[in-house]
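Step one of this worksheet: look at the structure below.
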Amino acid sequence: MQPSIVEMIYTQKQDIISDWLSEINNVMPSGLAKKIPNEASDETNKKFVELIIESLELTEEAATEKLNEFAQHLIYLGWPLSYFTQGMQAFRRVLLETMSSMESISSKKVFETFYEIETWVDSIINQIADEYSGSWESTIHLQRMALKELSAPLIPVFEKVSVMPLVGTIDTERAKLIMENVLDGIIEHRSQVVLIDITGVPVVDTMVAHHLIQTAEAIRLVGAECILVGIRPEIAQTIVNLGIDLSKFRTKSSLRRGVETGLELTQRKIIKIENDDERIDSR
Amino acid sequence: MSIQSNVEVHTEWGIVSARQAGRNLAKDAGFGNVDQARIATAISELARNIYLYAEKGEIVIQYVEDTESPVSKRGIKIIAKDKGPGISNIRDVMEDGFTTSGGLGAGLPGVKRLMDEFDIHSTAGEGTEITAIKWLR
Amino acid sequence: MRIPILKLHKYLLISVQVELDDQTALQFQEDLLNKIHQEGSIGVVIDLTSVEMIDSYIAKVLGDVVEMSNLMGAKVVLTGIQPAVAITLIDMGIMLNEVPTALDLEQGLEKLQQELEG
């Protein structure tokens, strides 16, 4: 950065800061403004703008470190990336306005100055965006691990009848895990009927259907029967529209229906007990 | 690790000993129950192909390590080689349901699905070499 | 090597306890069909709990046995297919579609009884 620009920023520091502060309040994402109390956001805004200006006189490494620290703190507090990007854009606007209102810069140098400021602001935006995407990546990784741990235990609900509730998107990796869990569970609980509940599966495409069919086939091979339950109207529509053939399998709209069928298949049913007033009274 | 098993296949018993050797090696390498079965089955299919079509050949089972990829992987590699008639129609034999022996026609495409990597080289009249790898998850 | 075939009333029970090589599997096919003919059996349970691996050839032999037995008037149920074996078969695209299955010998017998005796 040219010393003249730095100097200019420093002499105009107070104006720039106050201009920016009023600007940032306008561009602040409205959802965020509601969530964060005014004092807190005012303080963060001040810190942010001072940090930007301060970073001018620091070495590149020190500036990077300070910015990352600040960004990480805000990531932790849940501030969105758009706060930074819009904040930086506002800063650039304010700076350029301030400059153009001054006559000290010759028109020749205007272009050069603009360019320098652009580069500087962009590099800060990039750095903060990197920091954010790094944190997103690690979050995604953690969530993926958590999802894997979440993967579907087989729950014995009645003798010989078990339920496998599936929640979330099913990819190949998870499908394999689910299949192993179901089959091992069948052996462990001696289940004759397994209800696979897909109420919590957002999308059933050909791939997911393929995994479900394979799981149902494997269930049949180990000697149990599979009923697919929790088929919502939109899922039924996509299955038929995609031309997926599930006709070989028993399917039911709800888990309750599935349980009834499961009991039927194992020669049992749920009956209502006659209301025996005397017995209730005598307690 | 340089441990490997070589099994000659020229009788039906060769098929059995090859898959047993494969299962043992897979178990020692730390493969789970299901992958052990996958590896043993793949070996069985490959050994049977040798027995049926080339009459004799060899199954080599060895540990492999991939140090080049960013995350280093370990696994088991099966090499099935014979000096039989070779396969002139590789595209056909890799298709489900294609059979010349009256089997299910699930052999080679089945092996491909059971394993993670699959490679086949064959020259008519000279022989066939099939390589398949299963990585530890 | 021969796989023993036990007779229980009108049923035949087989528990495969050995590693199935091709010769044993074919011998078994022949033995079972002879036994069905001899005893006039109406149902067969083949328990595969101890079988660690079924490749496409063995699967073919088993499928054939079921079909042949059906032709001779005996219904066959396969029981005790291990999860690892089931997954391997599915991976290979072998569904054994026409073959009835049950969890174990006991449930296999029950299934036969239900289907044969109503």
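The values are calculated or read from the model by the stated rules, or taken from the named source; none is laboratory data. No experiment lies behind these values; they were computed from the predicted model shown. Here Cβ is always computed from backbone atoms with ideal geometry, including for glycine, and neighbour counts include all displayed protein chains.
Residue by residue through the range C:87-111, note down the ones that are in contact with a strand residue (DSSP E or B) (Cβ under 9 Å, 6 or more places away or on another chain), facing chain A (nearest Cβ under 8 Å) and surrounded by 18 or more Cβ atoms within 10 Å (Cβ to Cβ). Can you show your working first?
Keep residues of the range C:87-111 that are in contact with a strand residue (DSSP E or B) (Cβ under 9 Å, 6 or more places away or on another chain), which gives C:96, C:99-111.
Checking which are facing chain A (nearest Cβ under 8 Å) leaves us with C:96, C:101-104, C:107-108.
Result: C:LEU96, C:THR101, C:ALA102, C:LEU103, C:GLN107, C:GLY108.
Does C:GLU115 satisfy being surrounded by 15 or more Cβ atoms within 10 Å (Cβ to Cβ) and away from chain A (no Cβ under 11 Å)?
Values: surrounded by 15 or more Cβ atoms within 10 Å (Cβ to Cβ): no; away from chain A (no Cβ under 11 Å): yes.
Spelling it out, it is not the case that C:GLU115 is surrounded by 15 or more Cβ atoms within 10 Å (Cβ to Cβ) and away from chain A (no Cβ under 11 Å).
Give the residue, chosen from A:LEU246, A:LEU221, A:LEU228, A:LEU255, that is assigned by TED's automatic domain parsing to the domain that holds A:GLY168, surrounded by 16 or more Cβ atoms within 10 Å (Cβ to Cβ) and touching a residue at least 60 places away in the same chain (Cβ under 8 Å).
Working: A:LEU246 fails: touching a residue at least 60 places away in the same chain (Cβ under 8 Å); A:LEU221 fails: touching a residue at least 60 places away in the same chain (Cβ under 8 Å); A:LEU228 fails: touching a residue at least 60 places away in the same chain (Cβ under 8 Å).
Every option except A:LEU255 fails the conditions.
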* Of all residues making up the range B:35-44, the number that are at the interface with chain C (Cβ under 8 Å from one of its Cβ atoms) and either free of Cβ contacts under 8 Å to residues at least 60 places away in the same chain or out of contact with any Ser or Thr (no Cβ under 9 Å at 6 or more places or on another chain) (or both) -> 4
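Going by the conditions given, is A:GLY223 over 27 Å from the mean Cα position of the chain (by Cα), at positive phi and at pLDDT 90 or above?
Numbers: over 27 Å from the mean Cα position of the chain (by Cα): yes; at positive phi: yes; at pLDDT 90 or above: yes.
Taking the combined requirement at face value, the residue satisfies it.
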* Which one of C:GLN17, C:GLN38 is over 19 Å from C:ALA86 (Cα atoms), surrounded by fewer than 20 Cβ atoms within 10 Å (Cβ to Cβ), over 12 Å from the mean Cα position of the chain (by Cα) and not aliphatic (A, V, I, L, M)? -> C:GLN38
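Of the residues A:ASP205, A:ASP197, which is more than 14 Å from chain C (Cβ to nearest Cβ), in contact with a strand residue (DSSP E or B) (Cβ under 7 Å, 6 or more places away or on another chain) and not β-branched (Val, Ile, Thr)?
Values: A:ASP205 fails: in contact with a strand residue (DSSP E or B) (Cβ under 7 Å, 6 or more places away or on another chain).
Being more than 14 Å from chain C (Cβ to nearest Cβ), in contact with a strand residue (DSSP E or B) (Cβ under 7 Å, 6 or more places away or on another chain) and not β-branched (Val, Ile, Thr) holds for just one of A:ASP205, A:ASP197, which is A:ASP197.
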* Filter the range A:167-189 down to residues that are surrounded by 15 or more Cβ atoms within 10 Å (Cβ to Cβ) and over 16 Å from C:ALA86 (Cα atoms) and give me whichever is farthest from the other protein chains (Cβ to nearest Cβ). => A:VAL167
* Structure fact -> Only one of (1) modelled with pLDDT under 85; (2) surrounded by 11 or more Cβ atoms within 10 Å (Cβ to Cβ); (3) among the basic types (Lys, Arg) does not apply to A:LYS108, and that is (2)
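Results for (1) more than 30 Å from A:LEU183 (Cα to Cα); (2) touching a residue at least 40 places away in the same chain (Cβ under 8 Å), shown as yes or no for each residue.
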site: B:ASN33; (1), (2): no, no
site: B:LEU46; (1), (2): no, yes
site: B:ILE59; (1), (2): yes, yes
site: B:GLY107; (1), (2): no, yes
site: B:GLY127; (1), (2): yes, yes
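Considering the range A:186-225 alone, what residues qualify as being among the hydroxyl-bearing types (Ser, Thr, Tyr) and outside any helix (DSSP H, G or I)? Lay out the reasoning, then the answer.
Step one: list which residues in the range A:186-225 are among the hydroxyl-bearing types (Ser, Thr, Tyr), which gives A:191, A:199, A:206, A:215.
Passing the criteria: A:SER191, A:THR199.
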* Structure fact -> Checked the range B:82-96 for anything part of a loop (DSSP other than H, G, I, E, B) and not aliphatic (A, V, I, L, M); matches are B:LYS83, B:GLY84, B:PRO85, B:GLY86, B:SER88, B:ASN89, B:GLU95, B:ASP96
* **Enumeration of residues in the range B:12-31 that are loosely packed, with under 15 Cβ neighbours inside 10 Å and either more than 10 Å from chain C (Cβ to nearest Cβ) or under 12 Å from B:LYS134 (Cα atoms) (or both)** => B:ASN24, B:ASP28, B:GLY30
* To do: Mind listing whichever residues of the range C:59-112 are in contact with a Pro (Cβ under 9 Å, 6 or more places away or on another chain) and at positive phi?
  => C:GLY93
